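One structure is given here, and the rest of the page talks about it.
What follows draws every value from the coordinates through simple rules; no lab data is involved. Note that this is a predicted model, so its numbers are computed, not measured. Cβ placement follows ideal geometry from the backbone for every residue including glycine, while neighbour counts extend to all protein chains displayed.
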């Protein structure tokens, strides 16, 4: 049993290194087209780019647009989700409009917003906010609607004030839903920010990727894609860790820890 | 009152409240369209042409020659990519779900592939495969494969152990077990993954058409903006909204049909 857990721990490293080594060999021996540089070259180029002001600026721009957009999406989504969950009439009134809008990916609005806002950071912030709005809104809504009647009644029987009910009944029920919503929203927002930068040439690493691609500087293009991938990876990991730490008391997380 | 008449009375009441709800829900969409029509009618703003003009453009372009030249290619790419992703994702996921060590071994690669923002790969697809259908289908398939794959692995893994025991008692063969038990038990999760994959496929379809393309709804819409054909751009936006709605609507209907056994089981 002990040997097996040792195997499980080292195996991911072994296979990952093996796949990278295979890519390296295939690229160096010319099996892969010259458009795909060997992994070490991509990493070396990326390493050289790291301290340059252009790279740091692009990175800061991606993160800035992403964070602001996501923050707006979270605030608006939670607010709207609560309103829809608490007031069924409002939900009935707006549901068809929301259904129509939620299925329209936010990058669809690029053309009209380029006209109205120009190819500026505001464009990707607005679209990232819009892209992250829907998962947050619907998760909040499902959370609010899903508060079990018995919990609400128990709260009332114990004579909890409205603020206490919110703190001890509603928020604990909604938070796991919201955590999932934020995780989905964050990856949507990153996809949208990169897309807007690539398609509409809004400043940031996405635009740099497209510039390097258009000019045939492929090692740099791959290096930046690697960086964007690492951002996405770290983001997912961070949110999962935070979620587990904040919600360790919740039934669906207790099992995973044990 | 007999039982049947009570049941029918209850169902009639539920039906009529459903109708009232639907009527209430229709108010806002109608108000928006009517308001848009009348407010924009006298508009001289180049960015906001009258809705009448937009709809006329819609009929002239999207409902005639562009059906074959742009709408069909867009949909074909998306459906082809999504179909490849489904086949590969379910097959690979079902296989990996049975091999715990293999999943552990591939986990870093899978997690990286899942978290990589899909749209960052558009330039790569163009560099490697040009601007035809291939790069778009490959990218759509690659990107939408991950949610299906990961959900299938999860679903196959978490098959109820009692079911597995029953299979063993009945001496089902490996293929029988896979076809009739594991895949069936995993299907709610597989379909949940497919729903995520479908919306990703739609996003990637539009994004690939906006960069390095020669046809497609996304291409025409962005080109119309750049060429300042604003009514055409607006009609393209409306069309993309409608396509998203129709594609997701069809999926929800299929899902309901496929998972009737599952949702009914939960209600009981």
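Observations, loosely collected:
- Residues A:238, B:239, B:24 in ascending order of nearby Cβ atoms (within 10 Å, fewest first): A:238, B:24, B:239.
- Surface/4 of the Cα convex hull for region B:77-182, nm²: 7.6
- Multiplying each eigenvalue of the alpha-carbon gyration tensor of region B:182-229 by 5 and taking the square root yields semi-axes of 36, 8, 6 Å, largest first, rounded to whole angstroms.
- Relative to one another, the C-alpha centroids of region A:88-156 and region B:95-114 are positioned 33 Å apart.
- Cβ-Cβ FRET estimate between residue A:166 and residue A:11, R0 fixed at 51 Å, reported to 0.05: 0.65
- Listed from fewest to most Cβ neighbours within 10 Å, the set A:245, B:114 follows the order A:245, B:114.
- Between residue B:72 and residue B:253, the FRET efficiency from the beta-carbon distance, with R0 = 25 Å, is close to 0.70.
- Each residue, residue B:55 and residue B:34, gets one label point 7 Å from its Cα in the Cβ direction; the gap between the two is 1.3 nm.
- Taking A:250, A:188 and counting other C-beta atoms within 10 Å, the order from fewest to most: A:250, A:188
- Within a Gaussian network of chain B (alpha carbon springs, distance under 10 Å), most fluctuating of B:94, B:192, B:23: B:23
- Per-residue average of Cβ from other chains inside 10 Å of B:102-112: 5
- Approximate shape of region A:21-66 as ellipsoid semi-axes (Cα gyration tensor, √5λ), whole Å, largest first: 29, 11, 8
- Three-way shape label, chain A, alpha-carbon gyration tensor, a/c 1.5: oblate
- In degrees, nearest ten, helix B:133-157 long axis to first principal axis of chain B (Cα): 40
- Tilt relative to chain A, helix A:121-145 - C-alpha long axis, 0 to 90 degrees, to 10: 40
- Rg/Rh for region A:1-101, where both radii come from Cα atoms and Rh is the Kirkwood radius: 1.27
- Cut-off 18 Å (backbone N to label point 7 Å along Cα→Cβ of residue B:168), residues of region B:96-116: B:98-100
- Alpha-carbon geometry of region A:131-258: the Rg and the Dmax are 20.6, 70 Å, given in that order.
- Average other protein chain Cβ within 10 Å of Cβ, residues B:27-39: 2
- Stokes-Einstein D for the protein assembly as shown, Kirkwood Rh over Cα pairs, 20 °C, 1.002 mPa s (µm²/s): 84
- Residues residue B:24 and residue B:64, FRET efficiency given R0 of 45 Å [Cβ-Cβ distance, rounded to 0.05]: 0.80
- Helix A:39-49 axis versus longest C-alpha principal axis of chain A: approximately 80°, rounded to the nearest ten.
- Rg over Rh [alpha-carbon atoms, Kirkwood Rh] for chain B: 1.08
- Per residue of B:221-227, other chain Cβ atoms within 10 Å of the residue Cβ number 3 on average.
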